[in-house]
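Here the structure comes first, spelled out in structure tokens, and everything after it is commentary.
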Amino acid sequence: MNFSRLIKNCSIPSRWLLANNIRYQSSSAAQNLIQVDINEETGVSVVSLNRKPVNSLSLELFKDFCGVMDDLEREKVRGMVLKSSCDNVFSSGLDITELYPNPSEERFEAFWLWFQESWLKLYASSFPTVAFVNGHAPAGGCVFAISCEYRLMLPYYKIGLNEAPVGIVATEWVMNSLRAVLPGKNAERLLTSGRLLDTQEAFDIGLIDQIVNNEEEAMARSEEFFATFDNVPKLARALTKQVYRKNDLNQLIKNRSSDAKQFLNHILRPETQKIIGSYFKSLKDRKKD
Amino acid sequence: MNFSRLIKNCSIPSRWLLANNIRYQSSSAAQNLIQVDINEETGVSVVSLNRKPVNSLSLELFKDFCGVMDDLEREKVRGMVLKSSCDNVFSSGLDITELYPNPSEERFEAFWLWFQESWLKLYASSFPTVAFVNGHAPAGGCVFAISCEYRLMLPYYKIGLNEAPVGIVATEWVMNSLRAVLPGKNAERLLTSGRLLDTQEAFDIGLIDQIVNNEEEAMARSEEFFATFDNVPKLARALTKQVYRKNDLNQLIKNRSSDAKQFLNHILRPETQKIIGSYFKSLKDRKKD
Amino acid sequence: MNFSRLIKNCSIPSRWLLANNIRYQSSSAAQNLIQVDINEETGVSVVSLNRKPVNSLSLELFKDFCGVMDDLEREKVRGMVLKSSCDNVFSSGLDITELYPNPSEERFEAFWLWFQESWLKLYASSFPTVAFVNGHAPAGGCVFAISCEYRLMLPYYKIGLNEAPVGIVATEWVMNSLRAVLPGKNAERLLTSGRLLDTQEAFDIGLIDQIVNNEEEAMARSEEFFATFDNVPKLARALTKQVYRKNDLNQLIKNRSSDAKQFLNHILRPETQKIIGSYFKSLKDRKKD
């Protein structure tokens, strides 16, 4: 419960950043990759992932997402709704071109650190967060959803952590994010089978909190969720959330470098590259049809 | 699973006590702050919090509670039922005069150590414990309830951890006590919103095990709970409970001093004092009506 | 997420083994204590505990079980179904003659290390595991069941961790295995009361995943479970399971020697020996009837 240390640690230590030659720099297309729409009346901020066509998660998208999160922290928004502005897809997950073919260590490390940073900023955000899953949300798309505090979803889409079928082992902080939503055996079975659930199944199992039929409903439900915090001083709410999530946060904060190295080692195994390659080819073939 | 060390550590180390000039001393009004009624026939002990009018939790109440728990351990009671002898209130939580205005470090540290000690003795008690929530149980009142092994509640009262709305961040062992009863997102949302649930909601979510309509029913249900242990040797039962709860206990046992310091620092922030002050004033104004 | 270290550690370190004069050696009656039946068509392996009359778990049974698990890992089976070939009993738990009267330190330590090793190999197995609980499964029998990934059970039998009523405290990795299946208070109450649940109760609480009426149904349900992994590369599935179960595995891996010593100390207490002795006598008396 060392509050100040926890919060301070929830960003890449500047010394380490310099050592890795990564520095936050708004991407030139920042306004395009992430759209932010703050409702001045309600204080609610709607953040839309906007990397057409399927919101695949690239280094630049993560950087811009972190920039947006920093802005929202400064502006002390009342709440954030995370959605997609792509058709039918919330996010397709990590951009495969960051993983295949054999990424350079330097690029991959930067990519992974900004993925970590995005998760830390979302998972530990001081303001309440709602995911409005308005399209398919496999793998990294699901990670964004389960890192929020509340989940709404449109019918007829799919959500899940399907890393395993693509030969990838979800990293520990991703598993812990799922375990915090779905304790027990359900989380293990979702992870080991990599099964994608449809909206109704996701609701039945508790992965999703409410099914909504359109954006209007989603905004009304989000408003109800944010209203439960209206009588709570912002600092007390933020610290309560961060202390509650402390173990999950610290597991990553204490292991950022080794987490990146281990994932890279796993990705660079020839058999992993081969499976990702086949998957990549199937995606391209599908696109041509 | 170092049994003897675990149990030995479940009380304030004598060296540390001396250093802080705290020593257990039965308060002169001991019989009044906590009432104990042992049924010689059944071996069940009924412990009633009895600090009128609302069982607000003071240093003296915690000291006396610890003394009672020590007595019950020595007498090897069959089970304990914890209830209130105040009208309509199980316990209103920590006595605000211990927190406001700006408590002295010395008094606060003693207060907090005896709160910790009370929790440790209750959470690790060798005998089975039932909370009969026979009135409202906000904040510290709820902490007493969730530290027991089983919870009964009368209809039409409220229970919850409403620290956040009063500007206070529940300490980690309080969060862990809740997490042990309500895994997953429900515990987080109760904590961050500070919402108080009515009896029916508390039952639906699993915070309460059974709703009872009067004290007679409560005693009958408690008896049924204690009877499930009648064939279990006392030592094996006690160690099983303590090993099962070991991680929660150790989190505090290893951090008693820093836990007290951090909470004090948080309480002494001007903004926290201000919020508690407003709340205190609203309580006094209400009393006058 | 140090995969290779995790897996390497999931067996008794050879240095330690030599120091204790334990070496894996197939028992002469190996084919009798554990029966293995691999279906060449489906790739599913059926492993039957076969120590008549009640599959009480002895050092030799554990050794043979470990040998079988090693074989299955080498053969990369598609899945394993664990069942009993004794009438009406899945397994009666640890062989009491290993615990009473006062076991020698040397024998007990070897016995316990092979129990640990059996659990590690089952809990961390790379292939999917189903327990077909085709008879009573108290204590150690239940441990085998909850260490699998999925549980099927015939009606009208009993399952649970009834160590406490026999004066024994379940060890921490056994408690953690249960907690992974039944989070929250249900696990604590099962452990402290030592209550055995019948099949329907076990299903209602989530301890069992499905009730089946005969072996044919059990094999069909197992096949459905294994089929959920057919599109998942074996390495990714194995690592996902092992990372998900990492904390439970490491708790034992880091404390094997102290875990054995503590359990032995507990077993050798005169009061524990006395309770086990009475229980043992009651079992023998029952047999004579």
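The values are calculated or read from the model by the stated rules, or taken from the named source; none is laboratory data. These figures come from a predicted structure and were not determined experimentally. Neighbour counts are summed over all protein chains in view; Cβ atoms, including those assigned to glycine, are modelled from backbone coordinates with ideal geometry. Only protein heavy atoms, including side chains, enter the accessible area calculation; ligands, DNA and RNA are left aside. Shrake-Rupley method; radii C 1.70, N 1.55, O 1.52, S 1.80 Å.
Within the stretch C:145-174, track down each residue that is under 18 Å from C:Ala131 (Cα atoms) and outside any loop (DSSP other than H, G, I, E, B).
Scanning the stretch C:145-174 gives C:Ala145, C:Ile146, C:Ser147, C:Tyr150, C:Arg151, C:Leu152, C:Met153, C:Lys158, C:Ile159, C:Gly160, C:Val174.
There is at least one residue in the stretch A:117-138 that is charged (D, E, K, R), at negative phi and more than 9 Å from every other protein chain (Cβ to nearest Cβ). Among the residues here, A:Ser91 qualifies as under 25 Å from A:Gln273 (Cβ atoms), in contact (Cβ under 8 Å) with a residue 24 or more places away in the chain, hydroxyl-bearing (Ser, Thr, Tyr) and crowded, with 21+ Cβ neighbours inside 10 Å.
Considering the conditions (1) among the hydrophobic types (A, V, I, L, M, F, W, C); (2) modelled with pLDDT of 95 or more; (3) in contact with a helix residue (DSSP H, G or I) (Cβ under 7 Å, 6 or more places away or on another chain), C:Phe280 is excluded by exactly one of them, (2).
Scanning the stretch C:222-232 for residues that are within 11 Å of another protein chain (Cβ to nearest Cβ) and either of a type in the set (A, V, I, L, M) or within 19 Å of the chain's Cα centre (by Cα) (or both) turns up at least one hit. Just checking, does the stretch A:110-129 include any residue being free of Cβ contacts under 8 Å to residues at least 40 places away in the same chain, assigned to a helix (DSSP H, G or I) and within 29 Å of C:Gly184 (Cβ to Cβ)? Scanning the stretch A:110-129 turns up no residue that is free of Cβ contacts under 8 Å to residues at least 40 places away in the same chain, assigned to a helix (DSSP H, G or I) and within 29 Å of C:Gly184 (Cβ to Cβ).
Taking the criterion of being without any contact (Cβ under 8 Å) to a residue 40 or more places away in the chain, part of a helix (DSSP H, G or I) and buried (at least 20 other Cβ atoms within 10 Å of the Cβ), the residues of the stretch B:190-239 that qualify are B:Leu190, B:Leu191, B:Thr192, B:Ser193, B:Ala236. Does B:Ala180 qualify as being more than 10 Å from every other protein chain (Cβ to nearest Cβ) and either surrounded by 20 or more Cβ atoms within 10 Å (Cβ to Cβ) or basic (Lys, Arg) (or both)? In short, no.
Taking the condition of being out of contact with any helix residue (DSSP H, G or I) (no Cβ under 7 Å at 6 or more places or on another chain) and within 15 Å of A:Leu33 (Cβ to Cβ), how many residues in the stretch A:71-82 meet it?
Restricting attention to the stretch A:71-82, the residues satisfying the condition of being out of contact with any helix residue (DSSP H, G or I) (no Cβ under 7 Å at 6 or more places or on another chain) are A:71-75, A:77.
Next, only the ones that are within 15 Å of A:Leu33 (Cβ to Cβ) stay: A:71.
Qualifying residue count for the region: 1.
Just wondering, is there one or more residues in the stretch A:1-16 that are farther than 25 Å from A:Asp198 by Cβ, crowded, with 18+ Cβ neighbours inside 10 Å and at pLDDT 95 or above? No, the stretch A:1-16 contains no residue that is farther than 25 Å from A:Asp198 by Cβ, crowded, with 18+ Cβ neighbours inside 10 Å and at pLDDT 95 or above. Cβ separations smaller than 6 Å between residues 6+ apart or across chains give the following pairs from the stretch C:149-174 residues that are away from chain B (no Cβ under 14 Å) and more than 30 Å from A:Ser193 (Cβ to Cβ) to residues that are open to solvent by 10 Å² or more (accessible area, probe 1.4 Å) and in a strand (DSSP E or B): C:Lys158/C:His136; C:Lys158/C:Asp198. All conditions but one from (1) buried (at least 18 other Cβ atoms within 10 Å of the Cβ); (2) acidic (Asp, Glu); (3) without any contact (Cβ under 8 Å) to a residue 40 or more places away in the chain apply to A:Asp248; the one that does not is (3). Condition check: touching a Lys or Arg at 6+ places or on another chain (Cβ under 9 Å) and either closer than 30 Å to B:Gly277 by Cα or crowded, with 23+ Cβ neighbours inside 10 Å (or both). Does B:Gly160 satisfy that? In short, yes.
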